[in-house]
Each structure stands twice: as structure tokens, then as C-alpha cells.
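Novice: A single structure is presented below for examination.
The values are calculated or read from the model by the stated rules, or taken from the named source; none is laboratory data. Model, not experiment: these values are computed from the prediction. Positions of Cβ are backbone-derived with ideal geometry, glycine not excepted, and every protein chain shown enters the neighbour counts. Only protein heavy atoms, including side chains, enter the accessible area calculation; ligands, DNA and RNA are left aside. Shrake-Rupley method; radii C 1.70, N 1.55, O 1.52, S 1.80 Å.
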Amino acid sequence: SRRWHRYPEQLDLLNDYVDDKPFLSKLENIKTIRKKKLAEYIKQHNNGLVLDPNSIFDIQVKRIHSYKRQLMNILHIMYQYDRLKNDTNYDMAPTTYFFGGKAAPGYFIAKETIRLINAVGSKINNDPVTRDKLKVAFIENFGVSLGEIVYPAADISEQISTASKEASGTGNMKFMMNGAVTLGTLDGANVEIADCVGDDNIYIFGCRAQDMAATKAYYNPKWQYENIPGLKKCLDRLTDGSFNDEGSGMFNDLFNGLIYGSNWQPGDPYYVLGDFDDYRKQRDRMYMDYKDELKWAKMCWVNICNSGKFSSDRTIKEYADEIWQIKPQKI
């Protein structure tokens with residue numbers, strides 16, 4: 001019987017199917033159907049942008065905020081773009097990157113980040129050299145109804161907020177329940193997800209929360225800029241006009257905020273450049289693992305089967321028992 005419909009914590013009983021190849025094949029087919037549905041939505045709402053449902057769907061949807069580091073994500077995409085253009089030996093699995101979320105109307109850096117995502121997407125999506133390997137889509141007006149299309153289509157869940165800054169949230173749980181594998185920092189609910197699925201079924205990178213204060217005390221983003229391979233070229237594209245037909249300087253504020261800071265905060269306060277290299281390495285490892293279809297399907301299934309802990313039913317019952325101390329009433 002499907003008791004997990006009513007008692008989601010019993011989803012863990014479905015771990016019995018983790019080595020059932022025909023079952024895992026069905027799981028992959030369902031995921032492909034959901035990816036096609038999202039691709040159809042994007043085609044209708046993003047000026048006819050055509051996406052490949054067989055590519056990796058790498059998705060970051062959440063509020064646009066500096067500490068959530070959409071900027072690190074798009075900088076890495078810019079790095080990959082340069083690498084594909086200039087390194088004939090570099091071969092990556094075709095990947096589609098999705099961004100979505102809202103920001104306060106007066107949040108200047110958030111608006112600049114959104115503008116950068118769209119500018120980079122426009123360049124990459126129309127480049128005949130890279131468009132079969134890389135695509136970028138910004139999902140406008142993201143909300144609950146769109147989430148019903150987006151979450152089930154994800155292969156990779158981007159949960160990359162600066163360690164020590166992230167509240168627990170629920171987006172990472174929704175991705176997990178729909179069979180996406182988490183790429184994230186060890187912070188917030190990512191800690192609990194890692195505990196549930198084990199280290200082999202999640203990709204953790206970056207500075208840990210307990211180390212962040214000490215690390216930031218001596219952190220110098222200029223060193224990262226000068227010494228991390230490929231990063232200087234990538235950042236220089238923010239100011240050399242690479243993604244702006246009107247001339248250079250469009251993204252000077254993003255560049256200066258990362259390297260020099262301002263009167264009220266130091267350069268790169270959210271450790272974007274500090275975590276960049278580890279982020280890049282974990283992403284590369286994920287893409288290699290994705291090529292092993294059976295291994296990836298198992299990881300997706302382990303995430304689904306261990307997501308019952310995050311059911312709102314369990315959470316509310318726990319609150320009722322331990323915090324509100326409500327006794328059941330006889331009716």
C-alpha cells in the first residue's frame with residue numbers, strides 16, 4: 001500500500017527500488033517528460049528560445065540577492081563559455097542553465113545581476129560555436145504556479161548561498177522531493193539534506209560556516225582575481241564590453257563590488273571569488289557523474305526516498321508536540 005501518500009516519512013521504504021534498473025529507467029523517462037514541459041514553456045515565453053530536454057537542466061530559482069550568489073553562477077557560465085571558445089580539448093555535457101526569482105525594486109546590484117544574466121544568455125544562446133553546449137534561460141515572474149513546472153524538471157538544484165548567511169528555506173526541499181541532486185554550501189537546510197541522503201548523493205563545496213569569520217579576516221579578492229586560472233579573464237569581461245553592444249562599462253559596479261568594495265563594505269563581502277574554484281571543481285565532477293545514467297538515476301531516487309522528513313505534516317506535528325504542546329482533542 002502507498003502509505004507514504006499520507007505518511008511521507010515512509011518514503012524511505014522505497015529505497016528498496018534503488019537497484020531496480022527497469023524502475024530507474026521509468027524514473028528517467030518521467031524526468032524527461034517534465035523537462036520537455038519546461039522547455040515548451042520557455043519556448044512560448046522567452047522569444048522562441050529552443051532548449052534541449054536531453055541536456056542537463058541546472059536550475060537556480062530563489063530571491064535575487066547578493067548572498068544567494070546568482071553572480072557566482074553566471075560568472076562560472078561565462079568561464080565555461082570562454083573555455084569552450086578557446087580550448088578545443090574541452091568537452092562538456094550539454095547544459096541548460098535556468099535562473100528565476102524576484103528582488104526588491106530598489107536593489108541595484110540585484111537588477112545588475114539580472115541584466116548580466118540576460119546579456120550573457122543572449123550572447124551564448126546565439127553563438128553557433130557554443131549554443132549546442134550551453135544555453136541560459138531567465139524565467140520571468142517566477143512564482144508558485146511556475147514552480148510546478150520548474151521543480152520536477154531539474155537535474156541539478158543550485159543552493160549556493162554564502163555559508164553562515166542562508167536561512168533554512170524550502171526551495172532546496174522541493175527540488176530534492178522532485179529528484180534533483182543538490183549542489184550547495186554546507187549551510188541551512190542543505191545540512192539536513194546531506195544528513196538524509198549521505199555524502200555520495202549531494203555535492204558540497206566551499207568554505208564552511210564555522211570557518212567563514214576567520215577566513216574573511218584575511219580574505220583579499222584581488223588575490224583570487226590574479227591567481228585563480230581563468231577568473232581574471234572572466235571578470236574583465238564585465239568591463240570590456242563583451243556582453244554589451246553599446247560599449248564597455250555596463251557592469252562596472254559588479255566588477256568594483258567584487259574587487260574593491262565600497263565605503264561601507266569590503267570587496268566581495270559574500271565570498272563569491274573565494275568559493276569560485278571549489279564551485280567550479282564540484283560542477284565539473286557533477287557533469288562527469290551525470291554521464292553515468294544509472295548512477296545519476298540512483299542519486300535522484302535516493303534524494304526522493306529520503307525527502308519525507310521535510311513534509312510539512314511532520315513539521316507541524318513536531319511543532320504541536322514540542323513547541324505548542326497541544327494535546328489532541330477528542331471529537
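Novice: To the nearest 10 Å², what's S145's accessible area with a 1.4 Å probe?
Specialist: Counting only protein heavy atoms, the figure is 90 Å².
Novice: Here's something else I'd like to know. Taking 0.36 nm per residue of sequence separation and subtracting the Cα-Cα distance, how much length would be gained by fully extending the chain between N256 and Y67, in nm to one decimal? Don't jump to the answer; show the numbers that get you there.
Specialist: Numbers: separation 189, 0.36 × 189 = 68.04 nm, distance 1.65 nm.
So the chain would gain 66.4 nm between N256 and Y67.
Novice: Further, regarding this structure: Return the long-range amide H neighbours of V181 (sequence gap of 5 or more, or a different chain), with a cut-off of under 5 Å between placed amide H atoms.
Specialist: Counting only residues 5 or more places away or on other chains, the set is I156, S157.
Novice: May I ask which of K135/K216; K85/K233; K174/K298 have a Cα-Cα span longer than 23 Å here? Don't jump to the answer; show the numbers that get you there.
Specialist: Details: K135/K216 34 Å; K85/K233 13 Å; K174/K298 18 Å.
Too far apart for the 23 Å limit: K135/K216.
Novice: I would also like to ask the following. Report, in degrees rounded to the nearest 10, the 0 to 90 angle that the Cα long axis of helix 272-290 makes with the longest principal axis of the chain.
Specialist: Orientation of helix 272-290: about 60 degrees from the principal axis.
Novice: Amide H to amide H, which residues 5 or more places from M250 or on other chains are under 5 Å from it, using H placed in the peptide plane?
Specialist: Those lying under 5 Å, H to H, from M250 are G241.
Novice: Using the Karplus curve 6.51 cos²θ - 1.76 cosθ + 1.60 with θ = phi - 60°, work out ³J(HN,Hα) for each residue of segment 258-267 in order, rounded to whole Hz, and write x for Gly and Pro.
Specialist: 6, 8, 10, x, 8, 5, 10, 7, x, x
Novice: For K37, list the aspartates and glutamates whose Cα falls under 12 Å from its own Cα; do not include residues on the same chain fewer than 8 positions away.
Specialist: D52, E148
Novice: Just list whichever of K31/K295; K31/K102; K68/K102; K43/K123; K36/K62; K62/K165 have alpha carbons separated by over 19 Å in the model shown.
Specialist: Details: K31/K295 15 Å; K31/K102 26 Å; K68/K102 12 Å; K43/K123 17 Å; K36/K62 22 Å; K62/K165 14 Å.
Correct reply: K31/K102; K36/K62.
Novice: Under the classification rounded if a/c is under 1.5, otherwise prolate if a/b is larger than b/c and oblate if not, where does segment 230-331 fall, given a ≥ b ≥ c as square roots of the Cα gyration tensor eigenvalues?
Specialist: On the way: a/c = 3.57, a/b = 1.76, b/c = 2.03.
Oblate, because a/c is 1.5 or more while a/b does not exceed b/c.
Novice: Read phi for every residue in segment 6-12 and hand back ³J(HN,Hα) as whole Hz from Karplus 6.51 cos²θ - 1.76 cosθ + 1.60, θ = phi - 60°, with x for Gly and Pro.
Specialist: 9, 10, x, 5, 7, 4, 5
Novice: At 1.4 Å probe size, with the rest of the protein present, what percent of the exposed accessible area of the chain is carbon and sulfur atoms? Write down the numbers at each step before the final one.
Specialist: Details: 8280 of 16780 Å².
C and S atoms contribute 49 percent here.
Novice: Let me ask something else about it. Taking springs between alpha-carbon atoms closer than 10 angstrom, which of K281, K298, K123 fluctuates most in the Gaussian network model of the chain?
Specialist: In the Gaussian network model the winner is K281.
Novice: Could you check the spin-label model distance between F23 and E40? Points 7 Å from the Cα along Cα→Cβ, value in nm.
Specialist: 2.9 nm
Novice: Here is a further query. Arrange the peptides 173-182, 200-209, 106-115, 23-32 so that the one whose residues have, on average, the most other Cβ atoms within 10 Å appears first. Write out the running numbers ahead of the final one.
Specialist: Working: 173-182: 24.0, 200-209: 19.0, 106-115: 16.3, 23-32: 14.8.
Top of the packing list down: 173-182, 200-209, 106-115, 23-32.
Novice: Mind checking the full-extension length gain between D240 and D12? Use 0.36 nm per residue of separation minus the Cα-Cα distance, one decimal, nm. Please report the intermediate quantities before stating the final value.
Specialist: Working: separation 228, 0.36 × 228 = 82.08 nm, distance 5.20 nm.
My answer for the length gained is 76.9 nm.
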